[in-house]
Amino acid sequence: MSVVVETLLLAVTKVNTVNDAGEVMTNATGFFYERDSELFLITNRHVVLSEENQHRPACLQIELHIDPDNIAAIQNFSIPLYKDGQPEWRETTDSAGLIDIVAIALDRSALPDTMVYEAFTPAHEVQPYDRIEVGTSLLIVGFPLGFHDSLHHLPVARQAIVASAFGMRFQGNGYFLTDARLHRGTSGAPVVAAISPSLKKVGNLPWMLLGVHAARLDVGADLTQDERLGLNCAWYADAIATLTAPAVAAVEAPAEPAPIITVPTPPALTTPAPTSPITGAVAKSKS
């Protein structure tokens with residue numbers, strides 16, 4: 001009897017960052033996002049560039065399933081991060097500075113013809129009639145510490161709940177909080193909630209894409225007296241619509257981008273650009 005793989009697991013891929021020497025530096029998580037005829041890899045900005053940690057990989061390596069009859073068959077696929085010295089990813093800013101999400105357009109002609117995958121789309125975004133409240137059950141699907149089903153090359157899921165007022169920018173930033181036990185390597189994982197049975201199923205992925213997990217939130221507690229908070233930052237997914245818009249307004253990137261925490265006010269756009277309703281994100285193409 002053949003086993004059908006859950007579509008959510010096929011929308012997520014393991015990400016390795018690789019330096020100029022071809023050495024693996026770190027591992028993270030990414031997921032596929034489709035808009036019109038374009039296919040994107042979505043992950044965190046700090047996966048592709050972290051000025052604070054001097055993390056500057058030359059490319060990303062992801063795993064692609066290539067046989068619908070044998071889910072264990074994979075092919076490694078390399079994604080260069082620079083072309084002619086210019087970054088290939090799209091990033092975005094809002095009123096608080098850089099948003100920790102990037103979109104990287106994938107060259108479909110270079111992908112295997114037999115590639116087996118699922119992709120989120122704009123239809124998976126939260127709609128006005130969706131009730132997302134504190135305590136709403138979530139799944140965060142990724143590769144914590146690189147851990148996964150190493151035979152079938154599938155991610156694992158952690159349960160979570162919405163831990164702050166959804167739709168509001170926590171402390172003025174473009175993210176909300178989740179309560180979950182998460183680890184390094186989950187950066188870039190999709191944060192999803194099940195679509196209500198009363199609502200129409202969206203393609204093969206019956207999930208709402210709420211956000212992109214980025215980091216654990218700590219407050220400098222004395223760990224000899226208190227446990228860690230166990231709270232995490234998830235950037236609102238509506239920024240992805242801005243990043244993947246067909247016409248992304250370009251601005252000149254600074255020679256040395258500032259760290260996320262101390263981002264200066266971005267330069268004015270030369271042409272109007274779409275904005276996200278929650279984050280107010282304005283897209284900036286790096287290619």
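Observations, loosely collected:
- Among the candidates F31, F40, residue that is crowded, with 21+ Cβ neighbours inside 10 Å, under 27 Å from V191 (Cβ atoms), in contact with a Pro (Cβ under 7 Å, 6 or more places away or on another chain) and in contact (Cβ under 8 Å) with a residue 12 or more places away in the chain: F31
- Failed criterion for S50 (all others in (1) within 18 Å of W235 (Cβ to Cβ); (2) of a type in the set (S, T, Y); (3) surrounded by 22 or more Cβ atoms within 10 Å (Cβ to Cβ) hold): (3)
- Residue count, the stretch 14-35 (criterion: polar (S, T, N, Q) and touching a helix residue (DSSP H, G or I) at 6+ places or on another chain (Cβ under 7 Å)): 2
- Candidate set from the stretch 195-211 (those that are modelled with pLDDT under 85 and among the small types (G, A, S)); member that is nearest to the chain's Cα centre (by Cα): G203
- Residue match in the stretch 126-147 (condition: in a strand (DSSP E or B), exposed (fewer than 13 other Cβ atoms within 10 Å of the Cβ) and of a type in the set (S, T, Y)): yes
- Hey, R90 in contact with a strand residue (DSSP E or B) (Cβ under 7 Å, 6 or more places away or on another chain), in contact (Cβ under 8 Å) with a residue 60 or more places away in the chain, within 25 Å of Y236 (Cα to Cα) and not acidic (D, E) or not: yes
- Residues that are of a type in the set (D, E, K, R) and either part of a strand (DSSP E or B) or touching a helix residue (DSSP H, G or I) at 6+ places or on another chain (Cβ under 7 Å) (or both), drawn from the stretch 70-94: K83, R90, E91, D94
- Look at the stretch 125-150: where a residue is over 22 Å from R184 (Cα atoms) and a partner is surrounded by 12 or more Cβ atoms within 10 Å (Cβ to Cβ) and of a type in the set (F, W, Y), sitting 6+ places away or on another chain with Cβ atoms under 7 Å, you get I132/F166; E133/F166.
- Evaluating V192 against the criteria (1) in contact with an Asp or Glu (Cβ under 7 Å, 6 or more places away or on another chain); (2) at pLDDT 95 or above; (3) of a type in the set (A, V, I, L, M) leaves one unmet condition, (1).
The values are calculated or read from the model by the stated rules, or taken from the named source; none is laboratory data. Being a predicted model, the structure only gives us computed values, none of them experimental. Cβ sites come from the backbone with ideal geometry, for glycine too, and all protein chains shown count toward neighbours.
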